[in-house]
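The values are calculated or read from the model by the stated rules, or taken from the named source; none is laboratory data. For clarity, every value in this text was computed on a predicted model and none was experimentally measured. As a convention, Cβ positions derive from the backbone with ideal geometry for all residues, glycine included, and neighbour counts pool all protein chains shown. These accessible areas exclude ligands, DNA and RNA; they are computed on the full protein's heavy atoms, side chains included. Shrake-Rupley method; radii C 1.70, N 1.55, O 1.52, S 1.80 Å.
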Amino acid sequence: MATVVYAALFYAATIVLIGGLGLRVWQYAATPTPLRIPTTPAPTTRSGAALRVAGEVVLFQSLFKSNKWIWLFGWVFHVTLAAVLFRHLRYFLQPVPLVVALVQPFGMLFGLVMVGALGFLFLRRIVVDRVRYISRPSDYLMLALILAIGVSGLTLNLVARTDIVETKAFFLGLMRFDLRPLPADPALLVHLALVAALMIVFPFSKLLHAPGVFFSPSRSQADNARERRHAPRAGLEAAARRV
């Protein structure tokens, strides 16, 4: 019974995740940009603007300039989250690539650091008055959901171990539309249910800031208004439709 329920859950979650991400990216791309508004000082070439966006995505440069402590914990959380996700590729690939196999021994370290950094960010929203004032219930719920996923994942490694061979067979079977039994361990079922919940809410939450930075005119535009005329066709068309 658990196999059928979780198979349906992950099929639905995958459809919502891919469809929701595609819809949001299309909305970002279709949003009019009638003005050239890069945040200065800004690069004057398109390649420079691309490097600026890359710096924001990889190094969080603007956050570094704003608050060093928040940058440190935020950057560490995102890096370790990426490492944890990369490590989980072993459940979806057969045979497992060498580069994925090499990071497996460090999974526990990545998980502990990720949960610790996220716990600091969650505590900041509670302790710092100005951050607590602008925080909404959804902000706490998203952080709590990711934190619960991390803690439940560590529990599977430290306390309630499960059969990872059968778990991998289940996910490989999902990808091939060939259902295989899923271990009915409560800790595993809780962890997977939380992951599916995150997949469903992700496209509609504030967590979807990663694709948005690529479409942010204040970051992605070059400061070349004097050298190159900005043609705001999308903005004019949108204005015409409103009229």
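Here are some notes:
- Only one of the listed residues (L23, L9, L85) is within 22 Å of the chain's Cα centre (by Cα), more than 30 Å from A184 (Cβ to Cβ), open to solvent by 50 Å² or more (accessible area, probe 1.4 Å) and modelled with pLDDT of 90 or more. That residue is L23.
- Selected residue [on the phi > 0 side of the Ramachandran plot and not hydroxyl-bearing (S, T, Y)] from F60, F64: F60
- Test: P181 is open to solvent by 60 Å² or more (accessible area, probe 1.4 Å) and under 20 Å from the mean Cα position of the chain (by Cα): no
- If the condition is being touching a Leu at 6+ places or on another chain (Cβ under 9 Å), modelled with pLDDT under 80 and either among the charged types (D, E, K, R) or part of a helix (DSSP H, G or I) (or both), then segment 212-243 contributes only G235.
- Segment 166-178 - residue that is open to solvent by less than 50 Å² (accessible area, probe 1.4 Å) and hydrophobic (A, V, I, L, M, F, W, C) and, of those, farthest from F10 (Cα to Cα): A169
- Condition met for L51 (free of Cβ contacts under 8 Å to residues at least 40 places away in the same chain, out of contact with any helix residue (DSSP H, G or I) (no Cβ under 9 Å at 6 or more places or on another chain) and part of a helix (DSSP H, G or I)): yes
- Selected residue (criterion: farthest from M175 (Cα to Cα)) from residues of segment 88-111 that are open to solvent by 90 Å² or more (accessible area, probe 1.4 Å) and not in a loop (DSSP other than H, G, I, E, B): L109
- Pick from segment 150-165, criterion modelled with pLDDT under 95, assigned to a helix (DSSP H, G or I) and open to solvent by 60 Å² or more (accessible area, probe 1.4 Å), ranking: farthest from A13 (Cα to Cα): L158
- Scanning segment 29-38 for residues that are open to solvent by 60 Å² or more (accessible area, probe 1.4 Å) and within 27 Å of the chain's Cα centre (by Cα) yields a total of 3.
Conditions tested, residue by residue: (1) under 30 Å from A54 (Cβ atoms); (2) aliphatic (A, V, I, L, M).
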position	(1), (2)
I149	yes, yes
T155	no, no
L158	no, yes
T162	no, no
P186	no, no
V190	no, yes
F204	yes, no
A210	yes, yes
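- Residue count for segment 130-149 satisfying the condition of being open to solvent by less than 30 Å² (accessible area, probe 1.4 Å) and either more than 17 Å from L198 (Cα to Cα) or not in a helix (DSSP H, G or I) (or both): 2.
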